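Following: one structure in structure tokens, then a few remarks.
The values are calculated or read from the model by the stated rules, or taken from the named source; none is laboratory data. Everything numeric in this text was worked out from a predicted model, so none of it was measured. Here Cβ is always computed from backbone atoms with ideal geometry, including for glycine, and neighbour counts include all displayed protein chains.
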Amino acid sequence: MSVLRDAFRELAEDAPEVRPPAGLYAAARRRRRERRAAAALLALAVLAVAVLIGWPRPGPERFGGDSAGLPDHLVLPSWDTATVHDSPAGPAAVAYSLGERNVQSDDEDFRIFSWWRHGHTVSSTTVVGLHEDVYRIARGGYTTGVDLSPDGRFLMVGGEALDLSTGRTRALPKLTGPRPQAGPSSTPYYGYGGVTTWSPEGTRVVVVDQSRVAVAGWPSGRIEWNATFPYQNYIGDAVIPEDGSAVALTLDDEIVVLNRDGTRRWSRSKHEPWLVSGRAAWRPDGRLVGLTREVNGPYRLAALDGATGAPVDIGAYPPVSAAMGMEVVAWRGDVAYAIVRHAVPGIYTQDEIPFPELVRLVPGAAAPEVVLKPPAGTEQLAVATVFVDARRATGAPEFGVNFYEYLGRGLNWACCPVVLIGFLVMVRKTVRWSTQV
Amino acid sequence: MVDAGMSGGMRDGFEEFVRARTGAFARTAYLLTGDRQHAEELVQTALTAAAERWTRLDDPERYVRRVLYTRAVSWWRVRRRWRSEVLTDAPPERRAVSRDDPDLRIVLADALKRLTAKQRAVLVLRFYEDRSESETAEILGVGLGTVKSQTRDALRRLRAVAPELADENEEAMR
């Protein structure tokens, strides 16, 4: 026998005495069953996630593409709808919001529950494509709002213009002159009392705060004129004609029209009653269209001369009943398009909440004609007013995929058992400690 | 009842196998690892793996030995051993021994520590278990050429660090 073999055999005699634990067979078989069950569960989970995120999923059928217009109907977006920021889908035909129930809205008090989202937006907005049924979520500011530009490309978000084609934001024209003096020092630049909106065709933008106004070309952003006026606590609405030569402001208790140099052209008390409302209120023929309303009566369109403030005839438009408000957003000849906010009982409370619809008001008609009705629960609605009379076919909605929603919600759910186990361990330790003491 | 009876029979068969063969597995594991604690862990790992697949194993002895060898050379086990062993390039100092010296096993133990896990496994298979080159290649899951080159390198290394084993090395090399 060789030396090496002898040495191996001698060395092997130093081996330890191994005593396998009792129940090794049963424990090993049980562990194998558990592993197989865990693997099956994991495979199911992977399969479920793959199905949820739509892989492999054929691309949804899209409609239109060549023609721009409003869709025939709107649906609610899914919870994992992509955002404008991550997956911009081009100009929008419609923007609507269900308030804090709009998908991807943050909880007002528990921001940490949605840690993966940027900022803190308690009311997001859903935008729907101008050419096809692509749904995206816009977030920004505390509440995003639905101030959509007439061509549908921009959305006013948090004091900036969000470009729906690129997902980037553009700064709005800056106001010049001394900041408002009478308000709280912390008043934000475009905060309380301030208004930003577009001219009827979207070629100009007006920015107003409590004592300053600026009108600029859009999308150039070149300032055309600035003016200041005495401090106002409240600016309800701002309307400019398409040529941007003046601005009509709805203040606390009056309607004021300012010239380019900031001087008052005329004013009327709001108690008369008369109200300027809507981006298209100032018609190209110089008439300033507003709303009149008897006490508890329906709204009716009325008109003033934009130059003098004197009442002028506008014709007999159908009354709008049971409405909380109305905004004239476009004209096609003498036919007016307006967003009407109907009063409906709240879902959670008995307080009335507005349910908006796009209606067409034809002179001589008995009642408004509903053009577009958003999903139930919608609180705010806007349309690309340049395309208000154009319709396109509605197809299968495409929501995109928001990877961050999957990641964030998945990790949140994954943390639940960890937190639970940690809690149980802590309770067990506490009980043991107390019994030992 | 039939299933329970079958399961009980399987368990009895496994326990009989463990009683009969654990000592042999422990010796092989000790030669492979050079450490009593690691050897014990390795045997338990292999027996646990066998228990998990017991109902489907045609040749449990062959399966357990294969697990012993493959796990012994797996990178994470080797890494664990390295944490507790400090290897140097220079051979350890030791007193001179002859072929008839009863401490030859100590020489071999020191020399084996100078080898890689794979070289060690090849030597154990070839010179402790008297496996052929092709059997060694099959158990380790490598090619015949790899076994030959590993054996050659291992014996050369042994000759360098333990000249007392040179005669046998020469024979094997041939």
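Please go through the range B:47-64 and give me each residue that is away from every other protein chain (no Cβ under 12 Å) and at pLDDT below 90, ordered by number.
B:LEU57, B:ASP58, B:ASP59, B:ARG62
May I ask you to list pairs of residues, at least six apart or on different chains, whose Cβ atoms are under 6 Å apart, with the first in the range A:126-145 being free of Cβ contacts under 8 Å to residues at least 40 places away in the same chain and small (Gly, Ala, Ser) and the second being surrounded by fewer than 23 Cβ atoms within 10 Å (Cβ to Cβ) and not in a strand (DSSP E or B)?
That search, which allows pairs on different chains as well, returns A:GLY140/A:GLY158; A:GLY141/A:GLY158.
Please go through the range A:218-235 and pick out each residue that is without any contact (Cβ under 8 Å) to a residue 40 or more places away in the chain, surrounded by 16 or more Cβ atoms within 10 Å (Cβ to Cβ) and not in a strand (DSSP E or B).
A:PHE229, A:GLN232
Just to check your reading of the model, which residue among B:THR136, B:THR116 is buried (at least 17 other Cβ atoms within 10 Å of the Cβ) and among the polar types (S, T, N, Q)?
B:THR136
I'm trying to understand the selection: among the residues of the range A:276-301, which are of a type in the set (A, V, I, L, M, F, W, C) and surrounded by fewer than 21 Cβ atoms within 10 Å (Cβ to Cβ)?
Within the range A:276-301, just A:VAL295 meets the criteria.
Quick check: anything in the range B:158-173 under 18 Å from B:VAL73 (Cβ atoms), within 14 Å of chain A (Cβ to nearest Cβ) and modelled with pLDDT under 90?
Within the range B:158-173, one or more residues are under 18 Å from B:VAL73 (Cβ atoms), within 14 Å of chain A (Cβ to nearest Cβ) and modelled with pLDDT under 90.
Which condition number does A:VAL247 fail, the rest of (1) under 22 Å from A:VAL146 (Cα atoms); (2) in a loop (DSSP other than H, G, I, E, B) being met?
Failing condition for A:VAL247: (2).
Within the range A:1-21, is even one residue touching a Pro at 6+ places or on another chain (Cβ under 9 Å) and either more than 14 Å from chain B (Cβ to nearest Cβ) or at pLDDT 90 or above (or both)?
no
Looking at B:ASP130, B:ASP153, which one is over 17 Å from B:ASP35 (Cα atoms), modelled with pLDDT of 85 or more and more than 12 Å from chain A (Cβ to nearest Cβ)?
Every option except B:ASP153 fails the conditions.
Take the range A:68-85 and flag every residue that is at pLDDT below 90 and surrounded by 20 or more Cβ atoms within 10 Å (Cβ to Cβ).
Result: A:ALA68, single match.
In the set A:VAL359, A:VAL386, which member is in a helix (DSSP H, G or I), at pLDDT 90 or above, farther than 30 Å from A:LEU52 by Cα and under 26 Å from the mean Cα position of the chain (by Cα)?
Every option except A:VAL386 fails the conditions.
Would you say A:GLU398 is more than 30 Å from A:LEU361 (Cβ to Cβ), among the charged types (D, E, K, R) and within 22 Å of the chain's Cα centre (by Cα)? Explain how you work it out, then say what you get.
Values: more than 30 Å from A:LEU361 (Cβ to Cβ): yes; among the charged types (D, E, K, R): yes; within 22 Å of the chain's Cα centre (by Cα): yes.
Against the criterion (more than 30 Å from A:LEU361 (Cβ to Cβ), among the charged types (D, E, K, R) and within 22 Å of the chain's Cα centre (by Cα)), A:GLU398 qualifies.
Here's a check for you: in the range A:389-420, which residue that is outside any helix (DSSP H, G or I) and touching a Leu at 6+ places or on another chain (Cβ under 8 Å) is surrounded by the most Cβ atoms within 10 Å (Cβ to Cβ)?
The qualifying residue surrounded by the most Cβ atoms within 10 Å (Cβ to Cβ) is A:ARG392.
Considering only the range B:21-53, state which residues are of a type in the set (S, T, N, Q) and either under 15 Å from A:GLU10 (Cα atoms) or not assigned by TED's automatic domain parsing to the domain that holds B:ARG11 (or both).
B:THR28
From the list B:VAL124, B:VAL147, which one is at pLDDT 85 or above and at the interface with another protein chain (Cβ under 9 Å from one of its Cβ atoms)?
B:VAL124
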